[in-house]
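**Student:** I am attaching a structure below and will ask some questions about it afterwards.
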Amino acid sequence: MFRAGLYARVSTNDQQTLAMQNRAMREYAARRGWTVVMQVRDVNSGAVQRQAREKLIEAARRREIDGVLVWRLDRWGRSVTDLLATLQELEHLGVGFVSLTEALDLTTPAGRAMATMLAVFAAFEREVLQERTRAGMAHARQNGKRLGRPATAAAHAAEIRRLHRAGISKSEIARRLQIGRTSVRRVLEAKS
């Protein structure tokens with residue numbers, strides 16, 4: 001008996017598709033001869049923590065389900081990174097994953113091969129982005145651009161020293177100048 005967990009998600013503006021997602025997933029599970037042991041749904045935007053999805057992942061960790069069934073990949077993952085991380089965790093747990101719309105079935109060898117290819121392309125995309133970022137930063141440095149956080153404390157160094165000589169505490173100086181106490185301390189220690 002293959003125990004399936006169904007996951008549906010809708011945004012607050014898209015609640016009419018919830019019944020359609022559930023019906024499609026239940027029909028698919030019935031055709032495969034799977035037993036639906038858990039059905040959860042999240043109603044929120046993509047950026048919010050998906051508590052129902054987390055319950056389903058917890059059930060997978062406890063070995064209460066053998067597979068997760070979703071209507072579409074974008075219902076499951078918040079981003080490509082999130083999608084791949086959760087799919088890898090499910091694979092590590094020995095839990096299958098099926099997305100109906102994309103016909104992605106990680107319970108089959110072909111589906112697992114597809115997931116591996118997705119991971120390879122995601123890694124390639126990350127590396128290309130990192131290379132572009134490094135190249136852009138190098139180019140900016142060559143053109144005299146200073147990178148990183150602005151040196152706010154250094155810009156206030158004279159004022160920090162003046163206030164400290166006037167007997168103002170480091171915490172009060174930091175509050176007045178709206179900079180960190182550690183920055184104040186560094187400026188004062190550099191003086192000596």
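**Student:** Would you check which residues across segment 128-162 are closer than 30 Å to E172 by Cα and part of a helix (DSSP H, G or I) and list them? Quick ask: steps written out before the conclusion?
**Tutor:** Step one: list which residues in segment 128-162 are closer than 30 Å to E172 by Cα, which gives 146-162.
The answer is T152, A153, A154, A155, A157, A158, E159, I160, R161, R162.
To keep it simple, each residue is scored yes or no on (1) farther than 17 Å from A4 by Cβ; (2) of a type outside the set (A, V, I, L, M, F, W, C).
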position	(1), (2)
Q51	yes, yes
R62	no, yes
L69	no, no
D74	yes, yes
T81	yes, yes
L87	no, no
L90	no, no
L100	no, no
A113	yes, no
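**Student:** Where in segment 24-127 are there helices (runs of 4 or more DSSP H), lying wholly inside it, with at least 3 residues that are surrounded by fewer than 17 Cβ atoms within 10 Å (Cβ to Cβ) and not small (G, A, S)?
**Tutor:** Details: elements: 51-61, 73-76, 80-93.
Filter on segment 24-127 gives 51-61, 80-93.
**Student:** Sticking with this structure for a sec: State whether the residues of segment 134-142 include one that is surrounded by fewer than 15 Cβ atoms within 10 Å (Cβ to Cβ), out of contact with any Phe, Trp or Tyr (no Cβ under 8 Å at 6 or more places or on another chain) and at pLDDT below 90.
**Tutor:** Within segment 134-142, the subset surrounded by fewer than 15 Cβ atoms within 10 Å (Cβ to Cβ) is 134-142.
With out of contact with any Phe, Trp or Tyr (no Cβ under 8 Å at 6 or more places or on another chain) added as a condition, the list becomes 134-142.
Those left that are additionally at pLDDT below 90: none.
Looking through segment 134-142, none of the residues is surrounded by fewer than 15 Cβ atoms within 10 Å (Cβ to Cβ), out of contact with any Phe, Trp or Tyr (no Cβ under 8 Å at 6 or more places or on another chain) and at pLDDT below 90.
**Student:** Related question: Residue under question is T116, and the condition is that it be outside the structural domain of W71 (by TED's automatic domain parsing), at pLDDT 90 or above, hydroxyl-bearing (S, T, Y) and on the phi < 0 side of the Ramachandran plot; does it hold?
**Tutor:** Values: outside the structural domain of W71 (by TED's automatic domain parsing): yes; at pLDDT 90 or above: no; hydroxyl-bearing (S, T, Y): yes; on the phi < 0 side of the Ramachandran plot: yes.
Taking the combined requirement at face value, the residue does not satisfy it.
The values are calculated or read from the model by the stated rules, or taken from the named source; none is laboratory data. Keep in mind it's a predicted model, so treat the numbers as computed, not measured. Counting neighbours? That spans all protein chains shown, and the Cβs are built from the backbone with ideal geometry, glycine included.
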